[in-house]
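Below: the structure, in structure tokens.
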Amino acid sequence: MGKRLRRDESQAQTRARLLAAAGRVFARLGYTGASVDAVAEEAGYSKGAVYSNFASKEDIFLELMREHEAREQRDIGKIILQLAESRAAHDEVIATMNGWLRTMNSDLDWSLLAVELQLHAQRSPAFAAHYDALNAQHRAALGELIAQLFAAAGKRLPADPDQVGAIVMALVQGFALERRRGKKKGSDPAGPLIGLVLMGLMGSL
């Protein structure tokens, strides 16, 4: 017999399942086409369960963004720490950068969802305020990682880290628009192509 979950554990599990379901629904139907009913059905819960965890469809949308960016920032933090501790050689730095870039945009559902987030922020000023704040945090984390990668390779960034982070985010979002379903997971070209841009910058300094 399985261990019985505590109330807070059960609530956390329900919330996680609802978010996962919402990500699939939003990616499949878009923000406008998705509904709280569709999210509840996808997750196997009642609509009441959705509203007991989230105030609105927009709230779910923002939470998906927070969770994704928090995961990416944790990964970025680990890479920065590894670079600082290892004092990596140039070849190791390049390998680290390429490894990160290969996986940074491999989730097709998230690629589509990122485009939906950006479009909704264009249409909703209230949503845009939250979206822009989260984006600023993520842009700073990306810029810091890239600055650390360049420093470990004995190079200096040609611009402010925040500006370089903004360039990478713009490239990721642009490539997301080019993606098509039917490709194998992990086959997205964004990472390697962004790597070419960063390598070009690194080699020109």
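The values are calculated or read from the model by the stated rules, or taken from the named source; none is laboratory data. Note that the structure is a prediction, hence the values are computed from the model and not measured. In this analysis, Cβ positions are derived from the backbone assuming ideal geometry, glycine residues included, and neighbour counts consider all displayed protein chains.
If you go through region 156-168 one residue at a time, do you hit one that is at negative phi, acidic (Asp, Glu) and either at pLDDT 90 or above or in the same structural domain as Ala34 (by TED's automatic domain parsing) (or both)?
yes
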key: Scope region 1-20; condition under 26 Å from Gln118 (Cα atoms) and in contact (Cβ under 8 Å) with a residue 24 or more places away in the chain; matching residues   = Arg15, Arg17, Leu18, Leu19
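Do we find that Arg24 is at negative phi, of a type in the set (D, E, K, R) and in contact with an Asp or Glu (Cβ under 8 Å, 6 or more places away or on another chain) in this structure?
yes
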query = Among the candidates Tyr45, Tyr51, which residue alone is part of a loop (DSSP other than H, G, I, E, B), over 16 Å from the mean Cα position of the chain (by Cα) and of a type in the set (Ser, Thr, Tyr)?
reply = Tyr45
key: Residue satisfying all of: in region 125-162; among the polar types (S, T, N, Q) and within 18 Å of the chain's Cα centre (by Cα); farthest from Phe61 (Cα to Cα) among these   = Gln137
key: Answer from Ala176, Ala151, Ala136 - the residue that is modelled with pLDDT under 90 and either outside the structural domain of Glu63 (by TED's automatic domain parsing) or closer than 30 Å to Thr32 by Cβ (or both)   = Ala176
task = Residues that are closer than 21 Å to Gly200 by Cα: find the helices (runs of 4 or more DSSP H) completely inside region 59-174 holding 2 or more of those.
result = 90-103, 125-152
